[in-house]
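Written out below as structure tokens is the structure these notes cover.
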């Protein structure tokens, strides 16, 4: 991990996420959380549970039981996911990672087949 610290919110880049995906196949687990809108997810997707930022205050309890895994949060560019991480941290989730550059960075650096918008 990059271990960049923005108010105790750690981040990782898309190359680190790609590496973690390979490790997940080998048994290392994490939970991918998409905080974009459902319309954005329909257009461009790299997986994970959809929990839009505007609904997170009402629905964050859906993440209970995931505390033992790293929760990697992403959005379009990394801003909404950062805010989601801050909120979830306030609610007691401690193993959070914000995806730097979001799905846009994924499209640019990892998989150009993922549509940009």
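The values are calculated or read from the model by the stated rules, or taken from the named source; none is laboratory data. Keep in mind that this is a model prediction, so the values were computed, not measured. Here the Cβ is made from the backbone with ideal geometry for all residues, glycine too, and neighbour counts use every protein chain on show.
The one condition from (1) crowded, with 16+ Cβ neighbours inside 10 Å; (2) at negative phi that residue 48 does not meet is (2). Among the residues of the stretch 73-87, those identified as surrounded by fewer than 24 Cβ atoms within 10 Å (Cβ to Cβ) and either within 19 Å of residue 61 (Cα to Cα) or in contact (Cβ under 8 Å) with a residue 24 or more places away in the chain (or both) are 76, 77, 78, 80, 82, 83, 86, 87.
For residue 78, the requirement of being over 20 Å from residue 15 (Cα atoms) and either over 14 Å from the mean Cα position of the chain (by Cα) or modelled with pLDDT of 95 or more (or both) is not met. When 39, 55 are checked against the criterion of being farther than 26 Å from residue 112 by Cβ and without any contact (Cβ under 8 Å) to a residue 12 or more places away in the chain, a single residue qualifies: 55. The set of residues in the stretch 84-117 being under 11 Å from the mean Cα position of the chain (by Cα) and under 14 Å from residue 35 (Cβ atoms) consists of 84, 85, 96, 97, 98, 99, 102, 103. Residues in the stretch 54-68: is at least one closer than 13 Å to residue 17 by Cβ, at pLDDT 95 or above and touching a strand residue (DSSP E or B) at 6+ places or on another chain (Cβ under 9 Å)? Among the residues of the stretch 54-68, not one is closer than 13 Å to residue 17 by Cβ, at pLDDT 95 or above and touching a strand residue (DSSP E or B) at 6+ places or on another chain (Cβ under 9 Å), which makes the answer no.
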